[in-house]
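J.: Here it is: the structure, laid out below.
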Ligand SMILES: Nc1ncnc2c1ncn2[C@@H]1O[C@H](COP(=O)(O)OP(=O)(O)O)[C@@H](O)[C@H]1O
Ligand SMILES: [Mg+2]
């Protein structure tokens with residue numbers, strides 16, 4: 001098989017909040033169809049990493065590229081310089097992000113939540129967008145919820161709408177930041193099932209999660225972060241079943 | 001308009017007045033109060049958004065100016081502001097004050113004053129919208145203005161509707177302050193009639209009409225809030 005297309009490249013990124021060095025030289029590449037899971041204790045910088053990748057935070061130094069589109073790279077002094085508005089806009093069309101708290105638009109119906117950005121931002125044809133949105137809802141098992149508003153849905157249903165909303169933009173890569181942490185175990189299942197299905201369809205994904213079994217089964221590659229560094233990474237099953245580093249072992253043991 | 005009531009006379013002797021005259025005078029005043037109300041809202045509702053955005057701007061100068069604006073307009077009596085705006089062209093520029101300017105000054109005064117109050121309500125509403133809404137919009141590629149007009153502002157309106165309703169109802173009664181510019185709104189008319197008739201009837205009538213006006217507005221506000229109740233957050 002030929003070398004797979006590189007979708008995301010993060011190189012030596014660093015990020016501090018004041019004196020708090022949250023990301024200390026993190027590198028990671030994700031290729032087409034790959035599923036990467038990021039695990040690690042709370043406060044280790046997982047969200048910050050995703051937020052840097054999705055342009056919700058600006059990193060202090062390092063390179064961020066989506067395929068051939070370089071979003072930011074270091075200048076001579078080693079400080080990250082971001083591309084112009086157009087570059088950022090183009091980058092945003094390449095990724096999607098699913099939040100822990102869903103962040104659906106409460107004043108829009110489920111269908112409008114999904115259709116709004118493709119219409120407003122991508123200026124696509126309304127008929128086509130609606131058809132695609134309804135197909136996505138069906139895939140999420142929510143066909144009958146199209147005209148409801150988010151507050152009438154369960155958390156698990158809201159999160160599936162959020163996934164559909166992200167997919168409607170046809171991103172090349174989808175990020176998840178603890179997509180089930182706000183959900184009951186029962187609702188967690190239905191969301192994980194959807195993500196699992198996306199993995200089977202070879203959607204490129206980066207998933208921050210506390211669900212170790214899920215990470216092991218669904219991800220190709222797992223990254224264990226602690227204290228702003230990647231402590232250990234490797235093939236999913238190997239990392240979960242046979243961790244090498246003491247910190248990884250301790251973290252996984254505590255999850256048992 | 002009220003000629004069918006021509007036969008009915010209120011009061012006696014030199015102070016007597018036909019009911020039809022009283023009513024048409026009072027309703028004329030009500031119409032003027034309504035005009036001030038509508039123009040004041042039409043101007044101050046959008047201006048308030050602008051002032052709120054300036055107040056929250058990262059630009060320190062803009063933010064400071066907006067803060068001063070709000071503080072001054074809320075910190076001085078509207079009645080004084082109306083006088084000041086009306087007489088300023090004369091005292092400052094030596095211009096002649098026209099009748100049209102009387103109305104113009106009245107409108108400007110109300111708009112500027114209410115925009116200051118509205119701005120603070122908008123600001124509180126805008127700041128109450130969770131950051132996650134902005135972040136979701138950003139990731140989906142909404143521009144800043146799209147995020148504000150499509151995502152944030154519609155939610156703000158729902159949240160501030162009760163507080164805005166209060167101000168709007170206050171505005172109905174504040175229209176009476178236009179009397180200082182001798183504008184023929186309802187309070188001015190009631191006072192004129194009361195003096196001519198030596199009677200309290202015009203005042204009672206004015207109170208009833210202000211209340212009626214308020215009931216109408218309360219009804220409309222209720223409808224509006226109901227319309228926004230299709231979701232909660
Ligand atoms: N906006 C912020 N301002 C200041 N500190 C922050 C901010 N966001 C995150 N942090 C800090 O960065 C560290 C890592 O946070 P985070 O990336 O959320 O970790 P994780 O997602 O792994 O739990 C924490 O110490 C947190 O307090
Ligand atoms: Mg986190």
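Taken together, the values in this text are just the output of simple stated rules run on the coordinates, not laboratory data. What you see is a predicted model; the values in this text were computed from it and never measured. FYI the Cβ positions are ideal-geometry reconstructions off the backbone, even for glycines, and counts take in every protein chain you see.
J.: For residue B:95 and residue B:39, what does the FRET efficiency come to when R0 = 22 Å and r is the distance between their Cβ atoms, rounded to the nearest 0.05?
T.: Values: r = 22 Å, r/R0 = 1.01.
Between residue B:95 and residue B:39 the formula returns 0.50.
J.: Moving on. Estimate the FRET efficiency between residue A:196 and residue B:64 by the formula 1/(1 + (r/R0)^6), using the beta-carbon distance for r and 41 Å for R0, to the nearest 0.05.
T.: The pair residue A:196/residue B:64 has a calculated efficiency of 0.15.
J.: For B:97, B:41, B:131, which order do you get if you count the other beta carbons within 10 Å of each Cβ and list the fewest first?
T.: B:131, B:97, B:41
J.: Ok, one more. So which residue, out of B:14, B:51, B:156, gets the largest mean-square fluctuation from a GNM of chain B using Cα contacts under 10 Å as springs?
T.: With Cα springs under 10 Å in chain B, the top fluctuation among B:14, B:51, B:156 is at B:14.
J.: To continue, here is another question. Which one, B:136, B:194, B:208, has the greatest fluctuation when you compute a Gaussian network model over chain B with C-alpha springs under 10 angstrom?
T.: With Cα springs under 10 Å in chain B, the top fluctuation among B:136, B:194, B:208 is at B:136.
J.: Here's something else I'd like to know. At 222 nm, what helix-only mean residue ellipticity would chain A give, in deg cm²/dmol to the nearest 500, using -39500 (n - 2.57) for each DSSP H run of four or more?
T.: -11000 deg cm²/dmol
J.: Ranking A:232, A:126 by Cβ neighbours within 10 Å, fewest first, what do you get?
T.: In increasing order of surrounding Cβ atoms, one gets A:126, A:232.
J.: A follow-up question, please. So what is the diffusion coefficient of the protein assembly as shown in µm² per second by Stokes-Einstein at 25 °C and 0.890 mPa s, using a Kirkwood Rh over Cα pairs? Display every interim value, and only then the final one.
T.: Details: Rh = 27.1 Å.
Using the Kirkwood radius from Cα pairs, D works out to 91 µm²/s.
J.: Averaged over A:47-56, how many beta carbons belonging to a partner chain fall within 10 Å of each residue's beta carbon?
T.: On the way: counts 0, 0, 0, 0, 2, 0, 0, 3, 3, 5.
Mean shielding count: 1.
J.: So what's the convex hull volume per residue for the Cα atoms of the range A:108-256, in Å³?
T.: On the way: hull volume 18.5 nm³, N = 149.
Given the Cα convex hull of the range A:108-256, per-residue volume reads 124 Å³.
J.: Related question: Using the C-alpha atoms of the range A:46-86, what convex hull volume per residue, in cubic angstrom, is computed?
T.: 73 Å³
J.: For the range A:110-172 and the range A:201-256, compute the distance between their C-alpha centroids and round to whole Å.
T.: Going from one Cα centre to the other spans 30 Å.
J.: Label-point separation (nm) for residue B:211 and residue A:119, each offset 7 Å from Cα along Cα-to-Cβ?
T.: Distance between label points: 4.7 nm.
J.: Which order results if A:46, B:150 are arranged by neighbouring Cβ count within 10 Å, fewest first?
T.: Going from least to most buried by this count: B:150, A:46.
J.: Post the alpha-carbon centroid distance, the range B:152-217 to the range B:62-134, in whole angstrom.
T.: Their Cα centres are 19 Å away from one another.
J.: Moving to a separate point now. Using 0.36 nm times the number of residues separating residue A:87 and residue A:5, minus their current alpha carbon distance, what extension gain do you get?
T.: In short, 27.5 nm is gained.
J.: Sticking with the crude label model, points 7 Å out along Cα→Cβ, report the distance from residue B:184 to residue B:145 in nm, one decimal please.
T.: The two pseudo-label positions are separated by 4.3 nm.
J.: Could you give log10 I(q)/I(0) at q = 0.14 Å⁻¹ for chain A, computed by the Debye formula over C-alpha point scatterers of equal weight, without solvent?
T.: Treating every Cα as an identical point scatterer, log10 I(q)/I(0) equals -0.98.
J.: What is chain A's relative contact order, in percent, from Cα pairs under 8 angstrom and six or more apart in sequence?
T.: Relative contact order comes out at 25 percent.
J.: Give me the percent relative contact order of chain B, please, defined on Cα pairs under 8 angstrom at least 6 residues apart.
T.: 26 percent
J.: Mean separation of Cα pairs under 8 Å and 6+ residues apart, divided by the residue count of the range A:166-256: what relative contact order is that in percent?
T.: Contact order relative to length: 21 percent.
J.: Other chains' Cβ within 10 Å of A:100-109 residues: what's the mean?
T.: Whole-number average of other-chain Cβ neighbours for A:100-109 is 6.
J.: Calculate how steeply helix B:186-197 sits against the longest principal axis of the alpha-carbon atoms of chain B, using the helix alpha-carbon long axis, and give the answer as 0 to 90 degrees to the nearest 10.
T.: Its long axis makes an angle of about 10 degrees.
J.: Go ahead and set up a Gaussian network model of chain B, Cα springs under 10 Å, then flag whichever of B:24, B:12, B:71 fluctuates most.
T.: B:12
J.: Past the 21 angstrom mark, what percentage of all C-alpha to C-alpha distances in the range A:17-97 do you count?
T.: 30 percent
J.: Using the Cα atoms as the points, what is the convex hull volume per residue of chain B in Å³? Walk me through the numbers before you get to the answer.
T.: Values: hull volume 36.8 nm³, N = 233.
With only Cα atoms used, chain B gives 158 Å³ per residue.
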